[in-house]
Amino acid sequence: MKKIILAITGASGSLYAVEFLRLVSGLEVEVHGIISGAGEKVLGLEEKLAPWDLTTVRQWYAIDNLAAPMASGSARYDAMVVLPCTMGTLAAIANGLSLNLIHRAADVMLKERKPLVLAVRETPFNRTHLQNMLAASDAGAIICPAMPAFYHLPENLRDMARHFAGRVAAQIGLKVPGLKAWSGIDV
């Protein structure tokens, strides 16, 4: 069973995290969660949910708990997803700042060479955003902007978010049954 960390920050896009949890709920995955204060507010605003409503998460850890298991490489988590990832969180991770548990857990993933997916959510990007994405990528993070695809012909926002969440899951080595992949078109 894989043990992963899901961090939710205050960027718009809580739907992506909700759909990610729905997708992995049937897989051999144990999810541990961290949510920022702003992430909790956005989850409530966009999805009318509180963290404890996301029952796929085995345990939530306080953002200021730097003694939580994921603050150390010896806890042996397999991967981490920051979904959605604010530019402030990206900046802290890219610059090695461990100001809270999300940043520290991400730093642990990088130092242990474990998959860290940052689903950045901002538009447009400024030069600092792009430099931070490059720095995080150079450190080993996977930059996966929350950009939905349309080739699978989504019927609604949940379909779009589910497909993107499946792509995120694939980045950490999870195989999601039924996820439509691009198979080309005849021209």
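Being under 23 Å from Gly88 (Cβ atoms) and in contact with a Pro (Cβ under 9 Å, 6 or more places away or on another chain) is true for just one of Gly33, Gly26. Which residue is that? Give the derivation first.
Numbers: Gly26 fails: under 23 Å from Gly88 (Cβ atoms).
Criteria check complete, one pass: Gly33.
From the list Ala141, Ala91, which residue is touching a strand residue (DSSP E or B) at 6+ places or on another chain (Cβ under 9 Å) and at pLDDT 95 or above?
Values: Ala91 fails: touching a strand residue (DSSP E or B) at 6+ places or on another chain (Cβ under 9 Å).
Exactly one of Ala141, Ala91 is touching a strand residue (DSSP E or B) at 6+ places or on another chain (Cβ under 9 Å) and at pLDDT 95 or above, namely Ala141.
Which count do you get for residues in region 150-179 that are over 14 Å from the mean Cα position of the chain (by Cα) and exposed (fewer than 13 other Cβ atoms within 10 Å of the Cβ)?
So the answer is 9.
Here are some conditions: (1) more than 15 Å from Ala146 (Cβ to Cβ); (2) buried (at least 22 other Cβ atoms within 10 Å of the Cβ); (3) polar (S, T, N, Q). Ser14 meets all but one. Which one does it not meet?
Evaluating Ser14 over (1) more than 15 Å from Ala146 (Cβ to Cβ); (2) buried (at least 22 other Cβ atoms within 10 Å of the Cβ); (3) polar (S, T, N, Q) leaves (1) as the failure.
Give all pairs with beta carbons closer than 8 Å in which a residue from region 171-187 that is more than 20 Å from Ser25 (Cα to Cα) meets a residue that is surrounded by 10 or more Cβ atoms within 10 Å (Cβ to Cβ) and not aliphatic (A, V, I, L, M); count only pairs at least 6 apart in sequence or on separate chains.
From residues that are more than 20 Å from Ser25 (Cα to Cα), the pairs are Trp182/Tyr151.
Inspect all residues belonging to region 97-110 and state whether any of them is under 28 Å from Leu157 (Cα atoms) and under 13 Å from the mean Cα position of the chain (by Cα).
First, pick out the residues of region 97-110 that are under 28 Å from Leu157 (Cα atoms): 102.
Cutting the leftovers down to under 13 Å from the mean Cα position of the chain (by Cα) gives us 102.
Yes, there is a match, as at least one residue in region 97-110 is under 28 Å from Leu157 (Cα atoms) and under 13 Å from the mean Cα position of the chain (by Cα).
Within the group His103, His129, which residue is surrounded by fewer than 18 Cβ atoms within 10 Å (Cβ to Cβ), on the phi < 0 side of the Ramachandran plot and not aliphatic (A, V, I, L, M)? Quick ask: steps written out before the conclusion?
Values: His103 fails: surrounded by fewer than 18 Cβ atoms within 10 Å (Cβ to Cβ).
Exactly one of His103, His129 is surrounded by fewer than 18 Cβ atoms within 10 Å (Cβ to Cβ), on the phi < 0 side of the Ramachandran plot and not aliphatic (A, V, I, L, M), namely His129.
For the subset of region 28-38 comprising residues that are over 15 Å from Asn65 (Cβ atoms) and surrounded by 20 or more Cβ atoms within 10 Å (Cβ to Cβ), which member is farthest from the chain's Cα centre (by Cα)? Break it down into steps so the answer makes sense when it comes.
In the first step, residues of region 28-38 are kept if they are over 15 Å from Asn65 (Cβ atoms); the result is 28-31, 38.
In the following step, the residues that additionally are surrounded by 20 or more Cβ atoms within 10 Å (Cβ to Cβ) were identified as 29, 31.
Values: Val29: 15, Val31: 12 Å.
Among them, the one singled out is Val29.
The values are calculated or read from the model by the stated rules, or taken from the named source; none is laboratory data. Since this is a predicted model, take the numbers as computed values, not measurements. FYI the Cβ positions are ideal-geometry reconstructions off the backbone, even for glycines, and counts take in every protein chain you see.
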